[in-house]
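Notes follow once the structure below has been shown.
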Amino acid sequence: MKSRDIQDHLPIAPRQIVTTHGALELAKQSYGPAYLIAVLMLFRRHLNGDWGHVDNFDSRSNDDALISGYRILAAYTLCPIGCGRAVNGACEPHKVWIITEADRSATTMLLPSEY
Ligand SMILES: [Zn+2]
């Protein structure tokens, strides 16, 4: 399968993939040497329509945005080992967002505080 074919079959066709320094640092703290693989897996989840820990309203908004072309926002937990603050798999202080812009020009992983 050519990469063009793969793009055509993803719910979101990725263009520019970007991460902020802060989000990469959190991934390093959480995953150690394998952090880049973990980051790629999060982008994969986002591009496949797995929105992570968003509420039902945001989840429905994202599903609609796939068709209507609005911004898409997913949230994932990246707890460093030993954090112990996660509730039902979500941890407020150790969260990243992955946002695809409405025009689909970029998909960015960032800390909520960097938005
Ligand atoms: Zn945590």
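The values are calculated or read from the model by the stated rules, or taken from the named source; none is laboratory data. Just so it is clear, the model here is predicted, and its values are computed rather than measured. For neighbour counting, all protein chains shown are included, and Cβ atoms are generated from backbone atoms with ideal geometry for every residue, glycine included.
Just need a number here: residues in region 85-110 that are within 12 Å of the ligand (Cβ to nearest atom), among the β-branched types (Val, Ile, Thr) and in contact with a helix residue (DSSP H, G or I) (Cβ under 7 Å, 6 or more places away or on another chain).
Adding up the residues that qualify gives 1.
Cβ contacts < 7 Å: first residue surrounded by fewer than 16 Cβ atoms within 10 Å (Cβ to Cβ), restricted to region 85-112; second residue among the charged types (D, E, K, R), any location; separation 6+ or different chain. Result?
PRO93/ARG85; GLU101/ARG71; ALA102/ARG71; ARG104/ARG15; SER105/ARG15; ALA106/ARG15; PRO112/LYS95
Of everything in region 66-90 that's at pLDDT 95 or above and among the hydrophobic types (A, V, I, L, M, F, W, C), which residue is nearest to GLY22 (Cα to Cα)?
Among them, the one singled out is ALA75.
Scan region 68-84 residue by residue and report those that are among the hydroxyl-bearing types (Ser, Thr, Tyr), buried (at least 18 other Cβ atoms within 10 Å of the Cβ) and touching a helix residue (DSSP H, G or I) at 6+ places or on another chain (Cβ under 8 Å).
Listed by number, the list holds a single entry, TYR76.
With the requirement that a residue be within 14 Å of the ligand (Cβ to nearest atom) and touching a Ser or Thr at 6+ places or on another chain (Cβ under 6 Å), what does region 54-78 give you?
LEU78, the sole residue that qualifies.
Residues in region 30-49: is at least one surrounded by 15 or more Cβ atoms within 10 Å (Cβ to Cβ), at pLDDT below 95, over 18 Å from GLU101 (Cα atoms) and in contact with a Cys (Cβ under 9 Å, 6 or more places away or on another chain)?
Scanning region 30-49 turns up at least one residue that is surrounded by 15 or more Cβ atoms within 10 Å (Cβ to Cβ), at pLDDT below 95, over 18 Å from GLU101 (Cα atoms) and in contact with a Cys (Cβ under 9 Å, 6 or more places away or on another chain).
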